[in-house]
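What follows is one structure encoded as structure tokens, with my remarks underneath.
The values are calculated or read from the model by the stated rules, or taken from the named source; none is laboratory data. Just so it is clear, the structure is predicted and the values come from calculations on it, not from any experiment. Heads up, the Cβs are rebuilt from the backbone with ideal geometry, glycines too, and the neighbour counts pull from every protein chain shown. SASA here: full protein model, heavy atoms, side chains in, ligands and nucleic acids out. Shrake-Rupley method; radii C 1.70, N 1.55, O 1.52, S 1.80 Å.
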Amino acid sequence: MIRFLFLFLGLSAFASFAGAQTPAPRPAVIDMHVHGANTTPQQARERMAALNVRYLFVQVLAPELPAWNAALGGDNFQPSLGFPCPGGRAPFVDRPCWEGTSDLPDPAWVREELRSGRIKAFGELVPQLFGMAPGDERLEPYWQLAEEFDIPVAIHMGPGPPGAAYGSGASPAKFPDFRMGAGNPLLLEDLLLRHKRLRLLVMHAGWPYSESMIALLYAHPNVYVDVGALQAGFMVPRASYYAYLRSLVDAGFAKRIVFGSDFPNQVEPGIDAIVSAEFLSDAQKSDILCGNATRFLRLDGSTCTQ
Ligand SMILES: [Zn+2]
């Protein structure tokens, strides 16, 4: 018995020594939920190198796009236009989304940005923050443009800052018209039927509407979801995040879930939350962290494997 104990201790010491020598390689990741409003392109590039992040889907404020192109190069990220922006200023930060003070971008300007290839996606669309349903007719010109130019669109459906509509809420960002009901994923169904070529990413996976989310995924094969902000803990406790993620996986949609961080300090814990989810197989983990996003964005599959 004593000899067995020594053998065991010796083996564990060897294992931890070997572990320190050769840390497990970090999994390949595509981060589908990055905001230029809360990180600099240099910081994003450093995180990519440190955490094996291969590609970013970035909501870039249009005046800041040249800096992102200079830092990351055109092959490493997808520049995306987010709106509405009240008075032309980005929510959460007071920086311009585009020239001028309109809440929504001028469709003629958007068309030129898409035609030139400077902007390659829409998102994060945030009508819910302003109590606007995704089917609101003011958004219709942009759905049409997305379909015409065959670009992916990412829309916020789910939790906002806790208590966002109330002056007493904890978040410094206030959205007095925020409506949880405007985040119900099934509100997307009419516009999906009007625009059947849309590739649509439901950001925050429509939490907590798992039944509606599963119904939408079931009926509309061009819909994907991301897990942005759900892992953060301050909006959704870890147990609820895992239960929600598992409900989507159990319903058969592990190939339609992509990784997103939303906040710079959530990239590493968000990746680790997927890696340590015991209900996911190794294949499902690598699909969610990287492979599924290559399909949604039509990137070369080697983005995740090389
Ligand atoms: Zn969001």
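Based on the mean of other Cβ atoms within 10 Å per residue, sort peptides 49-57, 170-178, 253-261, 106-114 so the most packed one is first.
Details: 49-57: 19.0, 170-178: 13.7, 253-261: 23.8, 106-114: 15.2.
Order by mean packing, descending: 253-261, 49-57, 106-114, 170-178.
By definition, a body whose alpha carbon gyration tensor gives a ≥ b ≥ c is oblate when a/c is 1.5 or more and a/b is not larger than b/c, and the range 145-301 fits this oblate description. Computed over the chain, the per-residue total of -39500 (n - 2.57) for DSSP H runs of n ≥ 4 gives a 222 nm mean residue ellipticity of -10500 deg cm²/dmol, rounded to 500. Taking every protein chain into account, the accessible area of the range 24-165 amounts to 39 square angstrom per residue (probe 1.4 Å).
With the cut-off at 28 Å, tell me which of the pairs Lys120/Lys255; Lys174/Lys196; Lys174/Lys285 have Cα atoms farther apart than that.
Lys174/Lys196; Lys174/Lys285
Computed from Cα positions, the angle between helix 238-250 and the longest principal axis of the chain comes to roughly 80 degrees. This model, with +1 at the C-beta of Lys and Arg and -1 at the C-beta of Asp and Glu, gives the chain a dipole about its Cα centre of some 660 debye.
Count Lys and Arg as plus one, Asp and Glu as minus one, and take only other residues whose Cβ is under 11 Å from that of Ala133; the net charge is then -1. Note on Glu112 and Leu186: the extension gain reaches 23.5 nm, defined as 0.36 nm multiplied by sequence separation minus the Cα-Cα distance. Across the range 121-134, rounded Karplus estimates of 3J(HN,Hα) from the backbone phi angles (6.51 cos²θ - 1.76 cosθ + 1.60, θ = phi - 60°) give 6, 10, x, 7, 6, 10, x, 4, 4, 10, x, 9, 6, x Hz, Gly and Pro being marked x. Per-residue 3J(HN,Hα) values for the range 168-176, derived from phi via the Karplus relation 6.51 cos²θ - 1.76 cosθ + 1.60 with θ = phi - 60°, read 8, x, 5, 6, x, 7, 10, 10, x Hz in sequence order (x marks Gly and Pro). If you take all other residues with their beta carbon under 13 Å from the beta carbon of Gly88, and give Lys and Arg +1 and Asp and Glu -1, the sum is -2.
Applied to the range 222-232, the Karplus parametrisation 6.51 cos²θ - 1.76 cosθ + 1.60 on θ = phi - 60° returns per-residue 3J(HN,Hα) values of 8, 9, 10, 10, 10, 9, x, 6, 5, 7, 5 Hz, with x for Gly and Pro.
Annotation: amide H of Leu125 within the under-5 Å range of Phe83, Ala154, Ile155, His156, sequence separation 5 or more or interchain, hydrogens built in the peptide plane. Sort the chain into rounded, prolate or oblate with this rule: let a ≥ b ≥ c be the square roots of the eigenvalues of the Cα gyration tensor; rounded if a/c is under 1.5, and if a/c is not under 1.5, prolate when a/b is larger than b/c, oblate otherwise. Prolate, because a/c is 1.5 or more and a/b exceeds b/c. If R0 is taken as 51 Å, the Cβ-Cβ distance between Arg26 and Glu137 corresponds to a FRET efficiency of 0.70.
Just want the answer: with Cβ charges of +1 for Lys and Arg and -1 for Asp and Glu, which residue in Ser281, Trp109, Ala251 is farthest toward the dipole's positive end in the range 25-305? Selected residue: Ser281. Protection proxy ranking, highest mean first, for peptides 96-102, 262-268: 262-268, 96-102, where packing is the per-residue count of other beta-carbon atoms within 10 Å, averaged.
Database remark: amide H of Phe57 closer than 5 angstrom to the amide H of Asp31, Met32, His33, Val34, Gln78 (H placed geometrically; neighbours at sequence offset of 5 or more, or on other chains; Pro and chain starts carry no H).
Secondary structure note: in the range 25-305, about 5% of the DSSP beta bridges are antiparallel. Counting only protein heavy atoms and a probe of 1.4 Å, the accessible surface of the range 105-240 is 55% carbon and sulfur.
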